[in-house]
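Right, one structure below, let's go through it.
The values are calculated or read from the model by the stated rules, or taken from the named source; none is laboratory data. Since we're looking at a predicted model, the values are computed, not measured. Here the Cβ is made from the backbone with ideal geometry for all residues, glycine too, and neighbour counts use every protein chain on show.
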Amino acid sequence: MEIKEVTQGQIIVESGQKIDALYLVTKGTVSASYKGGKYLLNSGDVIGLCEYRRGEAIMEYKAEEAASIIAYPLDGIKLPESVINNAEALKYFIISHFRQIYEMFRQYKRLWSECNNLFDYLTNSYKEYAGACAKYSLTPGELPGFGELSKISLSEDIPFWMIGYYVTLKKALNVWEFDKDSIDFAHGFLLRASEDMCTVVGLCSQMQAYKKNICSFFVNEKGMDFLELLTVLYGKVAGKDGLKADSTAAVRKKMDDVTKLLENLGFGEISYYKSRRSNLEKKLEAMKQMSAAGEEGGQVQVSDMEDLTGSLHKILAYAKCDDTLESSFIKHVQEYKQMPNKNGTEEDVRTLRHKLTKEFYQVYTAAFKNSLQDQDVPTVVKMLFNFGYVDEELAGEKNAAYLCSIINQLQTAPERGVYSIYEWLMAVYEGKKEPSRNEFDLDYVAYLVEQRKTGAITKEEEKNLLTDNTAKVLYELENVFPMVNKITYGRITTFCPIFSEHNVMKPLDSILVSADNLHTALDGIRTKDFGAYYRETMFSAPEQGVQKEFINVEILPDFILMPNVGIRGVMWQEIEGKRRTTPARMMSSIFQLEDLSLILIRLTGEFRWEMCKRVQGARWNDVSERSLTSEYFDYIQFYKKNQELSTDAKEKIKTDMGRAKNSFKEMFIMDYTTWILFESNGSPRMNKIARNILYSYCTFTAAIREKLKANPMYREISERYEIRMGQKRHRLENLCQKLRSTGKPIPEEIEQERQFLYM
């Protein structure tokens, strides 16, 4: 057989590649890598045995050093004659398979133990953290998703007998004589072992993914992690006791343990951990310096706290609530302040949060009604409207002072579609904006029709309410605001609308959402997916020589900032009323703990999906009418039968659909996020089918398309796209030429469409 030389770093077999040959390593070392793990093959080992039965590589085989290999071509699942007729080669094949499956059994046992140990370490660490918080009468911060986390549970597991079976079989083979009568056994063994090997590799990949998920609770790039909770705790402990060694040592040690653990495990980019650790050291040093200076640290000096003293009573006096509501709200706020764990799941804590939530919106509505006729709304009331603020002690003095310092200079911009919740409510009251749809997807008009049909209002009352701006804003306050406020907060089970210090995990000035940083994040998407917010509409100007032309118009969404410290954004509705050329409505917390760019990418993906459904109507999933939703729906629904998808690609779709809770829309949003974050930068992460759909309907700008042409993965779809666009450009250029020849000016709308087609 011919010996082939491979250089260091050369990939011998790619994941997903058809296995048309097995390779015997005669010299050097080759790595076999699967998702999250790998093992090494040395001289005498055989490449491809794991996938022998499957016929498609589930691992990547790469030369770790210069190596020599011998290829044995396969004919289906039949061993090559050169192996069948060579007892020594046959022996190598079987022994190598034993070595490989033993190695995967070893990794399986190690990973199972590591997964359980990491889970225990995380849960115990959080208990220690909660105990430290209780010691200082602090409410523990939340880890998003931690409540739903459970010990490792595999979709399937290896049979209880499998490991013992191979151990015993190996012993039996030690005295086995390899001869021509052993061929059927060899075939059977390699096929059986290949199938079992694939199972074990898949299970190990699942456990690696579980480990990665556990580690993301400790440290993640969003900063909503255990390390951040410890940092906040460290700062609060230092603020109470100063940086006394006996007070802060345990917290500091846990911070050190967490960062070292993750560095050792090697999850994520080491550079990120080092950067995070460096930032952590800077934070701690800053705390030390502020403590030495006799300061507690923070963003704003408390110079005007006397103005905020008794905020709750000032707000209630302004709202003019009835005595029963007023006394009840004061009582419940005081009880909430005394709660050691405001995020507790005990019945009494949940009941208190529920009562406070109900009373808060009653107070908020009463105060808002009174503000409609007031040209000089008090500062504390403005803080209530825009931040959910009610009490200086509950907010924390530093936070209260900061809110006070920014309330009259919020960096919103209604003229650019960015509103605080108070500005939005006033826009509805003044008739500049129509009320939003409620949670049942009914707009104001449809809501009134429903009320009339149920007998709640008369036809005459319906007619009057249609033009009653006060009724419209009350509808917004009662039917939309509470629901959206809870959703954007993100931790629904522990939600309370009152601004509280325990929710502040990062400095407020670093997480305040402004019109500028919102539009910066939005522009980052539009420079990639240029058509994201364009709508097709009809243009007609017979007097200018244009009868009927479909043109694309960009309509950016309205953003409404909810009064909470939250982790989510919401794409509430894709249009206003029935007209497709109206802005979408998107909501976000005014203090956003999550990465704003990532939130807007998700919202844009959701907008694209919902807008397409709106345009397509009942036929949104009918593949006979080509559209984003119909083609994507068809792709996901029938992916198992798609011969263009590899086994690995199909397995990934299955896993992702589980993460998306079998939602086609959520699956699309995940793919759209990958499209914007990675594919736009020339880093392929998607399968061929998904990439074709996204390229067709969420096309990159011309500059990005030009760069991607060099990649064979994009070349074909890029050429098809340019052909389609060339036809559209040609048609429009002909129209423009016709207008010029008749001496008529080209309408601005047509010129804008021309520019759009060249984007």
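Quick notes on this one:
- Residues in region 113-126 include at least one that is surrounded by 17 or more Cβ atoms within 10 Å (Cβ to Cβ) and over 27 Å from residue 506 (Cβ atoms).
- Residue 43 vs. criteria farther than 23 Å from residue 191 by Cβ, without any contact (Cβ under 8 Å) to a residue 24 or more places away in the chain and among the hydroxyl-bearing types (Ser, Thr, Tyr): yes
- Qualifying residue in region 735-758 (condition: among the acidic types (Asp, Glu), farther than 27 Å from residue 647 by Cα and touching a residue at least 24 places away in the same chain (Cβ under 8 Å)): yes
- For region 41-56, the count of residues that are buried (at least 16 other Cβ atoms within 10 Å of the Cβ), within 36 Å of the chain's Cα centre (by Cα), of a type outside the set (Lys, Arg) and modelled with pLDDT of 90 or more is zero.
- Identification of helices (runs of 4 or more DSSP H) wholly contained in region 657-740 with 1 or more residues that are of a type in the set (Ser, Thr, Tyr) and more than 22 Å from residue 626 (Cβ to Cβ) yields 664-677.
- Top-ranked residue of region 309-334 - restricted to ones that are of a type outside the set (Ser, Thr, Tyr) and touching an Asp or Glu at 6+ places or on another chain (Cβ under 7 Å), ranked as farthest from residue 353 (Cα to Cα): 316
- Any chance residue 145 is small (Gly, Ala, Ser), in contact with a Leu (Cβ under 7 Å, 6 or more places away or on another chain) and at pLDDT below 85: no
- Candidate set from region 316-340 (those that are part of a loop (DSSP other than H, G, I, E, B) and surrounded by fewer than 17 Cβ atoms within 10 Å (Cβ to Cβ)); member that is nearest to the chain's Cα centre (by Cα): 340
- Yes/no for residue 72 being assigned to a helix (DSSP H, G or I), surrounded by 15 or more Cβ atoms within 10 Å (Cβ to Cβ) and hydroxyl-bearing (Ser, Thr, Tyr): no
- Any hit, region 511-519, residues being at pLDDT 90 or above, farther than 30 Å from residue 357 by Cβ and surrounded by fewer than 20 Cβ atoms within 10 Å (Cβ to Cβ): yes
- Single residue of 626, 614, 602, 608 found to be assigned to a loop (DSSP other than H, G, I, E, B) and basic (Lys, Arg): 626
- 3 or more residues within 27 Å of residue 556 (Cβ to Cβ): qualifying helices (runs of 4 or more DSSP H) within region 417-486: 421-429, 444-453, 469-479
- Of the listed requirements (1) part of a strand (DSSP E or B); (2) out of contact with any Phe, Trp or Tyr (no Cβ under 7 Å at 6 or more places or on another chain), residue 24 misses just one: (2).
- When restricted to residues that are touching a helix residue (DSSP H, G or I) at 6+ places or on another chain (Cβ under 7 Å), closer than 24 Å to residue 443 by Cα and of a type in the set (Gly, Ala, Ser), region 581-619 contains 4.
- You will find that of 358, 369, the residue that is modelled with pLDDT of 95 or more, surrounded by fewer than 19 Cβ atoms within 10 Å (Cβ to Cβ) and within 32 Å of the chain's Cα centre (by Cα) is 358 and no other.
- Qualifying residues in region 182-229 (those that are farther than 30 Å from residue 591 by Cα and aromatic (Phe, Trp, Tyr)) - the one modelled with the highest pLDDT: 210
- Among the residues listed as 553, 570, the single one being aliphatic (A, V, I, L, M), modelled with pLDDT of 95 or more and at negative phi: 570
- Qualifying residue in region 107-116 (condition: modelled with pLDDT of 90 or more and closer than 26 Å to residue 9 by Cβ): yes
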